[in-house]
Amino acid sequence: MGLFDNVDKLIQETEDSIENVIPLKKGTPVKVGVDLGTAYTVLVVCDVEGKPLCCRLRRTQIVRDGLVVDFITARQIVAELKEEAEELLGIELTHAAIAVPPGTHGSNTKTHQYVVEGAGMEVVAIEDEPTAANQVLKIENGAVVDIGGGTTGISIFKDGKVIYTADEATGGTHFTYVVAGHFRIPIDEAEDMKTNPEHYKNIYSLVTPVVQKVASIINTNIVNYDIDKIILCGGTACLQNIEKIIENETSIKTLKPKNPFLVTPLGIALACPPR
Ligand SMILES: Nc1ncnc2c1ncn2[C@@H]1O[C@H](COP(=O)(O)OP(=O)(O)OP(=O)(O)O)[C@@H](O)[C@H]1O
Ligand SMILES: [Mg+2]
C-alpha cells in the first residue's frame, strides 16, 4: 500500500462532497472545520467517523500572512459557506474547529475565532495548521511543507509530534506575480493561467525560480534536523512537478498526495470534536 492511498481516498471523498452531498437526519452529530486562508476559505463537514460529507469553498482575500485583514467580509463568507452546507446537509451547524499558523498568538487567534463565532458557530477546537494537516497525512517523521497562497509553512515532525515550525512569506501569490509580470496580464488572468494545467508548458520556466526559492527556504529551516522525507501540501503544491524540483534542490525524497489543496481544511474538520 502506498504512503498516500488512504489520504488520496479521503481527499477524493472531500472533493466529491463539493458536488454531491447526501442529506442527513436532523440532529446527526458532525465534525466541522473552517480554514481561513489567504487565497481560499474552506468549510468541511465530516461524520463522527471522519468521512467527508460536504465541502464548500470560496476564493477570498481576507487573510494576509496568517492574519485576518478583512473581518467583516471574512465573517460574511463563513456565514455563507455555513448556510450552503446547512441547506445541502439538512442540519444546523452549531460548532467548528479552526486552525491558525504556528506561532500565532493571543489576539490574532481570537480574531479567527470571532470570525467563525460571528458567523454563528461555536469554536470548539483551535489547532495549529501543521497538526491539522497531519490529521490527514499521519506523518511520524519528516518535514511537512504547506505551500499556500501567501506563505510557506515548514513543520518538522518527530514521532508524530511537531518539534519545529517556521512560516515564510513566499507562496502562490508570488508565482502569480511572475506570470502576470512576464505576460503583462492582470493578476486574475495570471492566476487562471497558473492553475490551468494546459498552460503548464508556458509557465514552467517562469515559476521554477520561485520553486527554487521555496526549496531554499526549506533547506535553511531543516538544516539542523535529520529529515528523510518532505511531504508537500497546500494549494501551490498542486503545481505539476513541484515535488521534483524541490527533491532536486534539497536532495531529500519529496512526496505529495494527489490533491494537496484540501489536506489542511479536511484535517481541521477531523480535529473537531463531534456534536
Ligand atoms: N492547480 C494549481 N496549480 C498551482 N497553484 C495552485 C493550484 N491550485 C491552487 N493553487 C494556488 O494555491 C494557493 C492557495 O493555496 P491554499 O488554499 O493552500 O492557500 P491558503 O491557505 O489560502 O493560504 P495561506 O496558507 O498562505 O494562508 C493559491 O495561490 C492558488 O493560486
Ligand atoms: Mg493555508
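Here are a few things to note about the model shown:
- Single match in Ala97, Ala39 (criterion: crowded, with 16+ Cβ neighbours inside 10 Å and within 21 Å of Ile147 (Cα to Cα)): Ala39
- Any chance Cys46 is among the hydrophobic types (A, V, I, L, M, F, W, C), within 16 Å of ligand 2 (Cβ to nearest atom) and not assigned by TED's automatic domain parsing to the domain that holds Gly149: no
- Among the residues of the stretch 51-95, those that are under 17 Å from the mean Cα position of the chain (by Cα) and away from ligand 1 (no atom under 16 Å from the Cβ) comprise Pro52, Cys54.
Residue-by-condition table, conditions (1) without any contact (Cβ under 8 Å) to a residue 60 or more places away in the chain; (2) in a loop (DSSP other than H, G, I, E, B):
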residue: Leu10; (1), (2): no, no
residue: Glu13; (1), (2): yes, no
residue: Ser17; (1), (2): yes, no
residue: Pro23; (1), (2): no, yes
residue: Gly27; (1), (2): no, yes
residue: Asp35; (1), (2): no, no
residue: Val45; (1), (2): no, no
residue: Cys55; (1), (2): no, no
residue: Thr73; (1), (2): yes, no
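- Single match in Val214, Val210 (criterion: buried (at least 18 other Cβ atoms within 10 Å of the Cβ), within 16 Å of ligand 2 (Cβ to nearest atom) and touching a residue at least 40 places away in the same chain (Cβ under 8 Å)): Val214
- Residue in the stretch 239-250 that is away from ligand 1 (no atom under 12 Å from the Cβ), under 17 Å from the mean Cα position of the chain (by Cα) and free of Cβ contacts under 8 Å to residues at least 60 places away in the same chain present: yes
The values are calculated or read from the model by the stated rules, or taken from the named source; none is laboratory data. Small disclaimer: the values here were computed from a predicted structure and weren't measured. Here Cβ is always computed from backbone atoms with ideal geometry, including for glycine, and neighbour counts include all displayed protein chains.
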